[in-house]
1. Run the accessible area of region 359-518 with a 1.4 Å probe and give the carbon-and-sulfur part as a rounded percent.
2. Given the peptides 209-216, 115-122, 326-333, arrange them by the average over their residues of other C-beta atoms within 10 Å, most packed first.
3. Which whole-number value in Å² is the accessible area per residue of the chain, probe 1.4 Å?
4. List the relative contact order of region 148-295 as a percent without decimals, with contacts defined as Cα pairs under 8 Å and 6+ residues apart.
5. Could you tell me the relative contact order of region 59-191? Use alpha-carbon pairs under 8 Å, at least six residues apart, and round to a whole percent.
6. Would you mind checking which residues have amide H under 5 Å from Y392's amide H? H placed 1.01 Å from N; only 5 or more apart, or other chain.
7. If R₀ is 22 angstrom, what is the calculated FRET efficiency for the pair E115 and K234, using the beta carbon separation as r and rounding to 0.05?
8. Accessible surface of H51 in the full protein assembly, 1.4 angstrom probe, to the nearest 10 Å²?
Amino acid sequence: MKIKNLLLAPIIGVLLAFSLPQLADACTGLLVGKKASTDGSVMISYAADSHVLYGELYHWPARDWPKGTMRKVVEWDTYTPLGEIPEVAHTYAVLGNMNEHQLAITESTWGGRKELVNPEGLIDYGSLIYITLQRAKTAREAIKVMTNLVEKYGYHSSGESFSIADKEEAWVMELIGKGPGRKGAVWVAMRIPDNAISAHANQSRIQQIRFNDPENCIYSKDVISFAREKGYFKGADKDFSFQKAYNPWTFSGLRGCEARVWAFFNKFCEGMDKYLPLVMGDATQQPMPLYVVPKRKLSIADVRNMMRDHYEGTPMDMSQDIGAGPNNAPYRWRPMDWEVDGKHYFNERAIATQQTGFVLVAQMRNWLPDEVGGILWFGVDDANTAVFTPMYASINEVPECYRHGNGDMMNFSWTSAFWIHNWVANMAYNRYDLMIDEIREVQVDLESSFDKTIATIDTQAKALLAGKSSQEARKFLTDFCAKTAVGSTTRWKKLGEYLLVRYMDGNRKKLENGKFKDNGYGMSASPDFMGYNERYYRSIVTETGDKFLTKE
């Protein structure tokens, strides 16, 4: 049954050594080089995973600033004011995590050596991203801006991996501070080859430094000497590993973080089974490479769908044990660790997770003008049940459903995409195997329609630009993005209404010709009583014995 017929709507113990709160708020980033993508675009993805982050789309217009203007720096995670820095003469327009020049920056936190956090530092990791997006045009320029900012004003956060990409190339930069009272940071940035894919997920991933390859590897001058000073490393420079020095492996760092990278590599690259013991927690194994060459080129849909991964078909598949409940849900509620009879256990941490604020795939296309080439495929809440809508980076304003002030984490709004998607997702979590296929059908229908429409929108926007009308082109793209986002959110609301009606009270209403079936007299036909799966019933018998045994 095609449910879109029903939804005709507008346009479519070791564990304790790890810092578990960090894992609970962990983020995942994927990178795809331009020769590893089906259309020649550079792509990076990001899931901003946090239990307190509201899903909204940020926007800063381009602006000229009077000399002497000071910029307030506010910590992204907590809204805590950190201080002020001088503003530059001109700042670029930024939409979410991409600017008007097709530069995109995302991150994942790995923490690392706690003693290297500098509370007096002025620049936190979130401010570092969004300030840089307003000041740099290319990935290489962004690396200079970022490292100069922390050198001059001090780095406030713990260890981070950054994805930094433009329309030509993608880089991974890893950075950590120097401790209380010391400005600057130690860091290394590695270029991902054009034909390769990479990823990071809350675990430092860069190993050896390529000292004689400045085109593809850039690093702070004291990255090794500082490690020696602190006692993190002894040996020859050629044997130095950034990861081992500044973010040593733990069981949870491998199982909860590197495993997500492995899931991505395993999906698109042969021979990843050899790294399975490592990501299952064996720290004696050899590290995975920073990047791999995929067996085929990746489309934008491939990257979007990878952000929905729950280790399906792998030993970490979260839907295959009793923890998945009676409806095979690939989710586990927090906390990440738990205890039974004095023994400590953990939950898997997949790429897709319920507490996401927003998720994106940044697509940079070098064959198009910047006004048209940069697309931020943006969604809110859990990537698995989100819709990635195309937001051109040059638009003048944010669609209402993604706008700041349209609801927040403590106030529901029926016009907020974040709240509509949370509503649908939270219905699905407890009836997952029954609802997910119907959710996926609408999701695929919407995203496929966007994919087909983009080429036409590109052509029309280019025609406006060719007529020397940048303002008209931006307005055209702004209107398209607003219609797409609001239409998608309205369609999702219709989906939620349908799911509530069909699955009310644990039953499932029957369908006939795309409509709810009635009894012939205008009353609902008797619904299906879905019950639970056999595994769940067996677990009840195992626990209760004959307590519920029918006695003749």
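The values are calculated or read from the model by the stated rules, or taken from the named source; none is laboratory data. What you see is a predicted model; the values in this text were computed from it and never measured. With ideal geometry, Cβ positions are generated from the backbone for all residues, glycine too; neighbour counts draw on all protein chains shown. Calculation scope for accessible area: heavy atoms of the full protein, side chains included, ligands and nucleic acids excluded. Shrake-Rupley method; radii C 1.70, N 1.55, O 1.52, S 1.80 Å.
1. After summing per-atom areas, the C and S share lands at 52 percent.
2. The peptides rank, most packed first, as 326-333, 115-122, 209-216.
3. About 43 Å² of surface per residue is accessible.
4. Value for region 148-295: 21 percent.
5. 24
6. Result for Y392 returns L376.
7. E between E115 and K234, to the nearest 0.05, is 0.75.
8. Answer for H51: close to 80 Å² accessible.
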